[in-house]
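Following: one structure in structure tokens, then a few remarks.
The values are calculated or read from the model by the stated rules, or taken from the named source; none is laboratory data. Just so it is clear, the structure is predicted and the values come from calculations on it, not from any experiment. FYI the Cβ positions are ideal-geometry reconstructions off the backbone, even for glycines, and counts take in every protein chain you see.
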Amino acid sequence: MSGNKTISYEHRVVAAELRQQAMEFETPSNLKASWQLLNSLVLFITLWVLMYFLRDVSWWIVSPLAVLAGVVLIRIFIIFHDCGHGVFFSSMRANHWVGFFCGLLVFTPYRQWHREHADHHATTGNLDGRGPGEVWTMTVDEYVGAPLWKQRLYRMMRNPFFLFGVVPGLFFVVLQRLPVRASSRQLKQSVWIMNIAAATYVSLMMAVFGVGAYLLIQAIVIAVAGGAGFWLFYVQHQFETVLWTRSENWDYTNAALEGSSYYKLPRLLQWCTGNIGFHHVHHLFPRIPNYHLEKCHNALPVLQQVPVITLASSFGTLKLKLWDECSHRLVRFCDVQNLDREQQGLSKSIVAKEC
């Protein structure tokens with residue numbers, strides 16, 4: 001018992017020291033925030049204006065512009081995300097208004113998403129706290145002990161084409177239109193207000209572009225932004241050495257530093273993704289706005305010792321499917337060999353073999 005208390009005390013000391021060192025990066029800069037909002041929205045609007053004038057010229061030109069608009073929308077989503085944390089501007093009122101407007105562009109209700117995202121921060125890396133806001137992750141024992149229909153459902157949900165191609169569209173277009181059953185009356189109202197605003201926005205855009213043209217362009221934009229957004233969320237919590245623990249051993253600092261990766265992207269992609277690659281910094285210090293994350297990462301040596309994932313190495317995470325509580329790592333489906341429980345008396349085995 002005393003050992004656990006000592007470890008807990010040490011964790012609290014380390015966390016307190018890190019928080020003290022990071023406080024200078026938590027102060028929002030209205031100038032930087034305004035510039036980031038301006039250059040993102042101007043570029044996004046410019047692309048839509050170009051698509052409007054070129055839609056009758058050539059779809060071979062419009063389609064790449066729609067892809068670029070989807071990429072810029074990722075950056076706008078990060079602004080939306082920071083507003084939800086109340087850190088983008090120094091004014092909470094400004095955060096709420098900008099958050100709502102950016103939420104309209106990404107078809108996401110601002111207040112409900114913020115509430116669900118707070119749960120994600122509170123349970124990251126906790127095997128007993130897995131919920132709807134996470135990429136569905138089963139342990140080896142859970143998978144082996146699951147009925148066949150659930151195993152097949154899980155395989156489908158973890159299929160890259162389904163996870164990054166189908167799920168984002170369903171999530172942003174359909175699921176975000178529905179208030180969560182457990183939501184408060186205020187949250188439910190905010191969802192319906194966003195739905196009305198989204199319906200108005202879509203109607204106006206269809207009137208300007210034409211129904212077919214707008215829906216095709218918007219489909220491309222959402223597919224790119226949603227797919228890339230889901231990929232970013234996935235790769236930052238689904239790498240081989242990621243930390244997952246049960247509630248009794250869960251620690252906020254460890255979960256942030258070992259349960260979130262540093263996704264080291266080329267400078268242009270870092271700009272497009274609003275510095276969210278410094279995900280370990282964000283999870284440890286969610287009060288730091290995205291435009292200060294890199295400075296904080298460079299200033300604190302402990303933040304430079306976390307798992308690093310590059311653009312090239314990140315694609316290897318696609319083969320990781322299940323959490324093995326024995327080896328404390330994510331493993332592939334082909335690493336799991338079902339044994340005959342009646343004959344062997346065992347539920348599972350991790351075998352060393354190449355796929």
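Anything in region 192-249 that is surrounded by fewer than 18 Cβ atoms within 10 Å (Cβ to Cβ) and either polar (S, T, N, Q) or touching a strand residue (DSSP E or B) at 6+ places or on another chain (Cβ under 6 Å) (or both)? List them, or say none.
Listed by number, the residues that qualify are Asn195, Thr200, Ser203, Glu240, Thr241, Ser247, Asn249.
Do we have Ala207 as under 18 Å from Ala69 (Cβ atoms), in a helix (DSSP H, G or I) and aliphatic (A, V, I, L, M) here?
So Ala207 fails the test.
Within the set of pairs 6+ apart or on separate chains, which have a first residue in region 118-131 that is within 22 Å of Arg329 (Cβ to Cβ), a second that is among the aliphatic types (A, V, I, L, M) and surrounded by 14 or more Cβ atoms within 10 Å (Cβ to Cβ), and C-beta atoms under 8 Å apart?
From residues that are within 22 Å of Arg329 (Cβ to Cβ), the pairs are Thr124/Ala255; Thr124/Ala256; Gly125/Val242; Gly125/Leu243; Gly125/Ala255; Asn126/Ala255.
Might you let me know whether region 260-268 holds any residue that is of a type in the set (Gly, Ala, Ser), touching a residue at least 40 places away in the same chain (Cβ under 8 Å), part of a loop (DSSP other than H, G, I, E, B) and farther than 30 Å from Phe333 by Cα?
No, there is no match, as no residue in region 260-268 is of a type in the set (Gly, Ala, Ser), touching a residue at least 40 places away in the same chain (Cβ under 8 Å), part of a loop (DSSP other than H, G, I, E, B) and farther than 30 Å from Phe333 by Cα.
Need pairs with beta-carbon distance below 9 Å; first residue free of Cβ contacts under 8 Å to residues at least 24 places away in the same chain and within region 228-245, second assigned to a loop (DSSP other than H, G, I, E, B); sequence gap 6+ or separate chains.
Between residues of region 228-245 that are free of Cβ contacts under 8 Å to residues at least 24 places away in the same chain and residues that are assigned to a loop (DSSP other than H, G, I, E, B), there is no close pair.
For Trp136, are the conditions met, namely being surrounded by fewer than 18 Cβ atoms within 10 Å (Cβ to Cβ), among the aromatic types (Phe, Trp, Tyr) and more than 16 Å from the chain's Cα centre (by Cα)?
no
Based on what the data block shows, is Phe101 farther than 29 Å from Trp244 by Cβ and not in a helix (DSSP H, G or I)?
no
Being modelled with pLDDT of 90 or more and in contact with a His (Cβ under 9 Å, 6 or more places away or on another chain) is the filter here, so list the residues in region 261-281 that pass it.
Tyr262, Tyr263, Gly274, Asn275, Ile276, Phe278, His279, His280, Val281
I'd like the full set of residues that are aromatic (Phe, Trp, Tyr), assigned to a helix (DSSP H, G or I) and more than 29 Å from Arg155 (Cα to Cα), limited to region 273-332.
Matches in region 273-332: Tyr291 only.
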